[in-house]
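The values are calculated or read from the model by the stated rules, or taken from the named source; none is laboratory data. In this text the structure is predicted, and so the values were computed from the model without any measurement. Quick reminder, even Gly has a Cβ in these numbers, built from the backbone with ideal geometry, and neighbours come from all protein chains shown.
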Amino acid sequence: MPHQKWEYKRIYARRKWEPVEDSQEPYSAGTRFEFMDDERNPIDDFSSHLEQLGEDGWELIAVVPLSNYVGAPQILDRYEHELAGFTSHCTYYFKRPKE
């Protein structure tokens with residue numbers, strides 16, 4: 001019996017930085033993410049996109065959080081808090097059987 005072959009898809013999520021008014025801190029990481037497909041095209045409605053992936057047979061197999069911020073100087077010279085370990089991006093991995 002031949003082995004099952006799979007195809008894979010990724011969705012990228014990048015945390016949005018938002019300006020903070022009336023604060024000593026210039027920016028906040030916020031809770032909003034921008035989502036992009038494999039070709040880095042924007043995904044406007046992430047929930048609907050996930051529903052469509054499920055209907056098309058895609059299964060979520062992993063979510064990998066990434067942090068590309070080691071410390072303050074990479075964000076803004078005035079920002080005084082360390083950000084090591086801060087999740088700045090996530091990659092969602094999906095698979096489905098090849099037909």
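The number of residues in the stretch 1-41 that are of a type in the set (A, V, I, L, M) and modelled with pLDDT of 65 or more comes to 4.
Tell me whether the stretch 72-84 contains one or more residues that are surrounded by 11 or more Cβ atoms within 10 Å (Cβ to Cβ), under 26 Å from LYS9 (Cα atoms) and at pLDDT 55 or above. No: zero hits. Please go through the stretch 47-60 and pick out each residue that is touching a residue at least 24 places away in the same chain (Cβ under 8 Å) and surrounded by 12 or more Cβ atoms within 10 Å (Cβ to Cβ). HIS49, LEU53, GLY57, TRP58, GLU59, LEU60, listed by residue number.
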